[in-house]
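Taking it in order: structure first as structure tokens, then the write-up.
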Amino acid sequence: MSGAMGRHAFDVLADVAAQEEPGACFALLGDANMNFATRLAEAGCPMIYVRHEHCAVAAAMAHARKTGGVGFATVTCGPGLTQLATALPAAVRARIPLVVLAGEAPLKSAWYNQMIDQAPFVAATGAAYRALHHPARLAEGLRDAFLEARMTRAPVVVGIPFDLQNAAWTGQGDLPAPSSSLMPVTSPMPPNPDDLSRAVALVAGAKRVVVMAGLGAVESGAGAACADLADRLGGLLATTLPARGLFAGHPFNLNVAGGFATETARDCFAEADLVIAVGTSLSHHNADGGKLWPKARVLQIDTEPTTLAQGRIAAHDHLRADARLGVEAILAALSPCDPGWRTDALAHRIATAPADSTAFDPIPGLHDPRDVIAELETHLPQDWEMVNSSGHCSYFTAQRPSRAQRRFLTIREFGAIGNGLPFAMGVAAARPDTPVVLFDGDGSLLMHMQELETIARHGLKILIVALNDGAYGSEIHKLRAEGLSDAGAVFGHTDLAAIARGFGIKGARLGDLAVLPGLIADFAAGEGAMLLDIPISDQVASPVIRRAHPPKS
């Protein structure tokens, strides 16, 4: 940009943001950002105008995870910013690069009713806060926020008083270089030879190995090397929940490791003597609190290896390296191994055994969520995008072993429900030519049901599968296990399909799963979104809940 005559600071800020090519901006307008957002739209940045500020940031998180770029959202100052108290820590814990332009109260005013001290509020979430108060540095400061988000893989909130945004631009006529041009150009980290020798000796001495991949393995392209390593060792494969599907189709893929592990996976992990953790931070849930592999040593291959993670010893041995290069180096140094513990019988069990075989008494008119997911696994096209929300039902919806990781998204590091709809919106914006399927519970959906209007207005192609147990599922099962009343967490089966129709979205309640293929076909052939309201039994407790909260005698 040259020639700043007659322009305002918000014009230049919009040009800076557009130059960063975020792919989409998720926005809710107010005094402290509306001029900026309007100019950003005019600059050609695709805009999704949401109905709640939390959903702007949650959608930007999913968009960033799906595109590999920096998510971008804008909200107004004060009460607009305070709505982000759940989304920001979730982005911090999921290590999602994100920029939020939040504005600030005007500097010229002695009093402004939406004024708060924004910096400590944002700091409490773990995100960075960058206040830009020097007019000549506004453009460069916003660019620097994008660079910081890229470098730290974390959210950065930018506060710019809106009287400064609305002032005449007196700075440089040219835009600062975009953040992508300032990123260090680096090559993947190979392992140290001495570290590699120790790792190879450990691997060669193991008899029952599970190669477990996380998002670091996905990002480095280590999937094929991990499968080759497991094949060489006669070992098994598994992933963390966010990397679920990386080994889809492999006959010895145990699918998800952790609390969501299947019965077969738990039995195999219990016998493992070595877990090779590739590109994963080894969280509490990934190891099911340390109970998943009681006999195994853990070798972590990561550029940021750790011993302690979330209050427990997570790994015993380490190989500091890029995930793909580390695995390939071990492969190159290994001698031929025996078949390990692979058998035709085990492959058959992995392919055919249910994730959870526990029997529950059927309830007339209500579906077993496991039956629902089995039908969806059969009938949903393989090339559609899948979004898994949080909450009790997310265990069941994660049990879809045929689905590839590149078509799957889950972000649940903060354990919050209410994110399903904005996550699906973010994926739909990132993949506008591909239908998106959201799996969520009624309690989570109802927290941000207003975003159905956003989905309808923007014409987003989202199939919303609502597993409706008429309650907060996790809470009712925990209360019942304690012998306490569940009345405060039971609400009845809200007619979610009727609500969807009220927002102009097709909605259907499924009393019979036999109609599912026809409804999926109708959605595929039609325009816009659809909500499937599937009433499920509140008596079917996930194994995650049953293990953590056994009934008190």
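Can you tell which of Q310, P46, G214 lies farthest toward the positive end of the dipole of the chain, using +1 and -1 charges on the Cβ of basic and acidic side chains (Lys, Arg; Asp, Glu)?
Q310
Skipping prolines and chain starts, which residues have an amide H placed within reach, meaning under 5 Å, of the one on A213, given they are 5 or more residues away or on another chain?
A238, T239, T240, V278
Using the Kyte-Doolittle scale, find the helices of the chain whose mean hydropathy is at least 1.0 and whose Cα atoms extend 18 Å or more along the helix's long axis, counting only whole DSSP H runs.
On the way: long enough: 53-67 (21 Å, 0.03); 138-152 (21 Å, 0.06).
Passing helices, by number: none.
Straight-line reach from K207: which lysines have a Cα under 18 Å away, not including same-chain ones fewer than 8 places off?
List returned: K295.
Let me know the longest stretch in the chain that avoids all GluC sites (Glu not before Pro) found in a DSSP loop with at most 14 other C-beta atoms within 10 Å.
Numbers: sites that count: E482, E527.
Counting only loop sites that pass the neighbour cut-off, the longest clear stretch is 1-481.
Pull up all non-local amide H partners of L274: gap of 5 or more, or a different chain, and H-to-H distance under 5 Å with H placed in the peptide plane.
Answer set, sorted by chain and number: R208, V210, R297.
Looking at segment 35-143, which chymotrypsin sites (Phe, Trp or Tyr not before Pro) are DSSP coil and have at most 14 other C-beta atoms within 10 Å of their C-beta? Could you put the intermediate results ahead of the total?
Numbers: sites: F36, Y49, F72, W111, Y112, F121, Y129; in loops: W111, Y112.
Hits after loop and neighbour filter: W111.
First select every other residue whose beta carbon is under 15 angstrom from the beta carbon of L531; then total the charges, Lys and Arg +1, Asp and Glu -1.
On the way: positive: K461, R501, K506, R509; negative: D440, D442, E451, E453, D495, D522, E527, D533.
Net of charged neighbours comes to -4.
If the cut-off is a Cα-Cα distance under 26 Å, which lysines reach K461, setting aside same-chain residues fewer than 8 apart in sequence?
Once the sequence-local lysines are set aside, what remains near K461 is K66, K506.
Using the crude model of +1 on Lys and Arg Cβ and -1 on Asp and Glu Cβ, and no other charge, please compute the dipole size for segment 356-465 relative to its Cα centre, in debye to 20.
Working: 9 positive and 14 negative charges, 87 e Å.
In debye, rounded to 20, segment 356-465 gives about 420.
What does the charge dipole of segment 343-410 about its Cα centre add up to, to the nearest 20 debye, if the Cβ of each Lys and Arg holds +1 and the Cβ of each Asp and Glu holds -1?
Dipole of segment 343-410, to the nearest 20 debye: 280 debye.
By a straight-distance test (C-alpha under 18 Å), which lysines pair with K108 as possible cross-link partners, with residues fewer than eight away in the same chain excluded?
none
Which ³J(HN,Hα) values, rounded to whole Hz and listed in residue order, are derived for segment 254-259 from phi using the Karplus coefficients 6.51, -1.76 and 1.60 in 6.51 cos²θ - 1.76 cosθ + 1.60 with θ = phi - 60°, glycine and proline given as x?
Listing the rounded values in order: 7, 6, 7, 9, x, x Hz.
Just add up the charged neighbours of R39: K/R +1, D/E -1, any other residue whose Cβ is under 14 Å from the Cβ of R39. If you can, show how the numbers build up before the last one.
On the way: positive: R7; negative: D11, D15, E42.
That sum, taken over residues with Cβ under 14 Å, equals -2.
Would you mind counting up the charge near E20? Only other residues with Cβ under 14 Å from its Cβ, with Lys and Arg at +1 and Asp and Glu at -1.
On the way: positive: R143, R150; negative: D15, E21, E140, D144, E148.
Overall, the nearby charge balance is -3.
To the nearest 10 square angstrom, how much accessible area does T280 have with a 1.4 angstrom probe?
So the heavy atoms of T280 present about 10 Å² to solvent.
The values are calculated or read from the model by the stated rules, or taken from the named source; none is laboratory data. Owing to the predicted nature of the structure, the values given are computational and were not obtained by experimental measurement. Methodologically, a virtual Cβ is constructed for each residue, glycine included, from the backbone with ideal geometry; neighbour enumeration extends over all protein chains shown. Side chains included, ligands, DNA and RNA excluded: accessible areas come from the protein's heavy atoms. Shrake-Rupley method; radii C 1.70, N 1.55, O 1.52, S 1.80 Å.
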